[in-house]
Amino acid sequence: MNLLASVIAAIAAWLAQRGLRYRALARKRAFFSVAPGERCLMVVAKHASSPSQRSVANRDVAALVELATVVKACGGDTDLALSDAPVAALGRQTEFCVGGPTTNPRMAVHLRAMLPGVRFEFGDAGTATGTATGTGTGAGGSTEMTWWVGETPFRRDPERVTYAILAKVFVPGATRAVFLVAGQVAAANLATARFLAARFDSLASQYGVAGRFCLVLRVTEPEMYGPDFVEIAADVSEAAFVGQHPRL
């Protein structure tokens with residue numbers, strides 16, 4: 001009888017653990033809107049300093065690996081596209097778009113269309129010389145980009161702090177999400193991808209598995225710490241979506 005009770009208890013514990021793992025996986029799939037067997041789109045920026053349009057920064061490749069691992073864990077698979085390639089899959093499959101708007105034209109369009117409260121400008125010491133929808137560098141060849149959300153600037157301090165936009169957005173009427181990973185430098189892209197992969201559960205708790213959000217992440221001392229020291233600088237969800245159509 002004792003042996004039978006032990007077997008029953010072991011089976012019950014195994015079934016409970018299996019149920020917990022299944023619910024955790026179902027929650028992960030719902031948050032990333034990835035169903036088993038589905039394909040997701042990965043769009044990556046070109047290397048900022050390379051003359052080749054097909055060159056990708058090492059840290060952007062690492063960011064793609066982080067995100068592809070998440071998709072694989074959900075039972076999905078990935079298709080890769082360069083940022084300047086026209087892709088007619090918006091809203092029909094989950095998309096992960098990686099890279100700032102100056103090196104990723106698709107990111108610039110996503111920001112303009114789905115995050116109207118977010119803009120980017122160039123200049124030294126925060127003096128804007130570019131435009132909210134501009135791409136490339138600012139006047140005089142400046143490559144220092146400042147994120148603006150509403151009236152709040154997030155300026156990069158070279159070698160000490162850099163910022164990234166992490167957002168989950170939807171095309172009106174669509175059920176498949178678009179995840180935006182947009183750093184001021186490639187190290188911030190990798191830090192943001194790792195943050196999303198590691199913290200999705202807390203994000204799902206705060207915004208719901210099907211909710212949208214927009215965060216500014218701060219990456220501290222990237223030259224020394226790489227992508228490891230990352231934290232939320234601001235939740236800008238309310239300001240970022242101002243003027244955008246509500247999700248239908």
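The values are calculated or read from the model by the stated rules, or taken from the named source; none is laboratory data. Not measured: the values here are computed from a predicted model. Cβ: placed from backbone, ideal geometry, glycine included. Neighbour counts: every protein chain shown.
Numerical summary
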quantity: Count of region 178-195 residues which are buried (at least 24 other Cβ atoms within 10 Å of the Cβ) and either assigned to a loop (DSSP other than H, G, I, E, B) or without any contact (Cβ under 8 Å) to a residue 24 or more places away in the chain (or both); calculated: 1
quantity: Residue satisfying all of: in region 165-177; among the aliphatic types (A, V, I, L, M), more than 9 Å from the chain's Cα centre (by Cα) and surrounded by 18 or more Cβ atoms within 10 Å (Cβ to Cβ); modelled with the lowest pLDDT among these; calculated: VAL171
quantity: Among (1) modelled with pLDDT of 95 or more; (2) in a helix (DSSP H, G or I); (3) not hydroxyl-bearing (Ser, Thr, Tyr) - the single one MET224 does not satisfy; calculated: (1)
quantity: Residues of region 74-101 satisfying the condition of being under 17 Å from the mean Cα position of the chain (by Cα), over 22 Å from PRO172 (Cα atoms), not polar (S, T, N, Q) and not in a loop (DSSP other than H, G, I, E, B); calculated: ASP79, LEU80, ALA81, LEU82
quantity: All positions within region 55-77 that are farther than 20 Å from ALA191 by Cα, crowded, with 20+ Cβ neighbours inside 10 Å and not small (Gly, Ala, Ser); calculated: CYS74
quantity: Candidate set from region 102-120 (those that are outside any helix (DSSP H, G or I) and farther than 16 Å from VAL236 by Cβ); member that is modelled with the highest pLDDT; calculated: ASN104
quantity: Failed item, numbered, when SER52 is tested on (1) surrounded by fewer than 18 Cβ atoms within 10 Å (Cβ to Cβ); (2) touching a residue at least 24 places away in the same chain (Cβ under 8 Å); calculated: (2)
quantity: Among (1) loosely packed, with under 15 Cβ neighbours inside 10 Å; (2) among the small types (Gly, Ala, Ser); (3) closer than 23 Å to ARG92 by Cβ - the single one ALA204 does not satisfy; calculated: (1)
